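Below is one structure, written out as structure tokens, with a few remarks after it.
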Amino acid sequence: MNGKPTTPRRDPVALASGEDLELTAYLNRHIAAVLSESHEPRPSCPRCGDRHVSSAGFKMRAFGRLPQFECQSCGRQYNRAWGTPLSEKHLKKLDLFISLLSQPLSCEEAGRQMGSLSADLSQRVKAFRAWLLQLDPQGTWEQRVRLGGRPTEIRPAPLAFAETGAREDVGLTTRLTREFDELHSMSHVPVACPDCGNRHTRFSAHAPRSMPRFECRICRLRFTRRRGTPFVRTELGSVDRLRDLIRYLSLPLPFMQVAELLGTSAGMVQKWRDTFARWVDQLEPDGSLSIRFRLGVEPTAATPCLFCGRTGVAMRVRHAWSCAGCGRLFSMRRTFVETAGALQLVDDMADTQTTTQVAGVATVSAIMQSSRC
């Protein structure tokens, strides 16, 4: 015996490209020392810490003989595997497991390769992380474990989101709200003709559930205030939600989250955002207003997965994203609060279900839910 487990090694070609060979070698050295058949050096007693110990034969395990020791002070019998993940009875596919520890895989995917349940594998990863922290209290080696991502981390570092701290563009909100209210005013006061620009106009009619109509005395055009704008065919039943949407146009939020706030679909919110973009380009043809829109944010190379923490792993899946590392649905939902009259995105990872009152609508920001984007 050379002190290493007898589990057959895989063909190196079969190894995934993400393996950290240094971490694998580091663990294999310590595994070989723990599973060595030699009684020397003798480990101190795990109960009382005394180093006056004697050999107590061997214990047969699936991988071979494991030396036993007896403390001469307290009488405790033990072996080197005590207090380590190697104390488990069978050490199923240990070599394969060690090679997977440094790879960016989910426990589900690693479980398929090893023929193990993902929950069992997750506990095994945590046990090896704890052992690495015993071997290296600074955590240098433990931080190189990537299998299972954040759910298997013992002391996960806080995630950093580029969107955190973003504030509502109050100037943009104020102007668009004023212009929008003027455009949808129900006043019968005549306005200039949108075709010829003449102000010789008069009120014409106002049917129920419709905009007031006017008539130009010069070109005889009959029109509403919305003529010539992208809102000309917008149903009046949507006006209140359109007005509420203005506050979110400058925030880096996903369509789905805002859709739930407004009580509509993500596709409709995207359509309304595009409608507002065309309208503000009419107000300012140089694009100085539309460039300030941030609604409809998508993951970037620096966006971490909420579950495994990996960056640059988001893949488009219909109207959502999937993490290529852990396989969970990728969320861009962010928690926001209103401070000093402006909405602001905050780092609220500790409380993942924070009720936020915005524009008279109560919403629960469940930013860690895997079923939403």
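The values are calculated or read from the model by the stated rules, or taken from the named source; none is laboratory data. In this text the structure is predicted, and so the values were computed from the model without any measurement. FYI the Cβ positions are ideal-geometry reconstructions off the backbone, even for glycines, and counts take in every protein chain you see.
In the range 197-244, the residue that is nearest to PHE180 (Cα to Cα) out of those that are among the hydroxyl-bearing types (Ser, Thr, Tyr) and surrounded by 12 or more Cβ atoms within 10 Å (Cβ to Cβ) is THR229. Comparison of GLY228, GLY296, GLY287 shows that the only residue that is in a loop (DSSP other than H, G, I, E, B) and touching a Phe, Trp or Tyr at 6+ places or on another chain (Cβ under 6 Å) is GLY296.
Kindly check whether there is at least one residue in the range 163-173 that is within 20 Å of PRO230 (Cα to Cα), in contact (Cβ under 8 Å) with a residue 60 or more places away in the chain, more than 19 Å from the chain's Cα centre (by Cα) and surrounded by 14 or more Cβ atoms within 10 Å (Cβ to Cβ). Among the residues of the range 163-173, at least one is within 20 Å of PRO230 (Cα to Cα), in contact (Cβ under 8 Å) with a residue 60 or more places away in the chain, more than 19 Å from the chain's Cα centre (by Cα) and surrounded by 14 or more Cβ atoms within 10 Å (Cβ to Cβ), which makes the answer yes. Among the residues in the range 80-89, are any crowded, with 17+ Cβ neighbours inside 10 Å and hydroxyl-bearing (Ser, Thr, Tyr)? Within the range 80-89, one or more residues are crowded, with 17+ Cβ neighbours inside 10 Å and hydroxyl-bearing (Ser, Thr, Tyr). Within the range 33-42, being assigned to a loop (DSSP other than H, G, I, E, B) and either without any contact (Cβ under 8 Å) to a residue 40 or more places away in the chain or more than 13 Å from SER87 (Cβ to Cβ) (or both) holds for SER36, GLU37, SER38, HIS39, GLU40, PRO41, ARG42.
Just a yes or no: is a residue in the range 49-60 surrounded by fewer than 16 Cβ atoms within 10 Å (Cβ to Cβ), under 43 Å from the mean Cα position of the chain (by Cα) and not in a strand (DSSP E or B)? No, the range 49-60 has no match at all.
Residues in the range 141-154 that are surrounded by fewer than 16 Cβ atoms within 10 Å (Cβ to Cβ) and either in contact (Cβ under 8 Å) with a residue 60 or more places away in the chain or under 18 Å from the mean Cα position of the chain (by Cα) (or both): ARG144 alone. For residues in the range 43-62 being under 17 Å from SER87 (Cα atoms) and among the charged types (D, E, K, R), which is modelled with the highest pLDDT? By that ranking, first place goes to ARG47.
Restricting the first member to the range 290-304 and to residues that are without any contact (Cβ under 8 Å) to a residue 60 or more places away in the chain, and the second to residues that are assigned to a loop (DSSP other than H, G, I, E, B) and surrounded by fewer than 20 Cβ atoms within 10 Å (Cβ to Cβ), the beta-carbon pairs closer than 6 Å and six or more apart or on different chains are ALA301/GLY312. Mind checking whether some residue in the range 103-112 is in the same structural domain as TYR26 (by TED's automatic domain parsing), without any contact (Cβ under 8 Å) to a residue 24 or more places away in the chain and not acidic (Asp, Glu)? Yes, because at least one residue in the range 103-112 is in the same structural domain as TYR26 (by TED's automatic domain parsing), without any contact (Cβ under 8 Å) to a residue 24 or more places away in the chain and not acidic (Asp, Glu).
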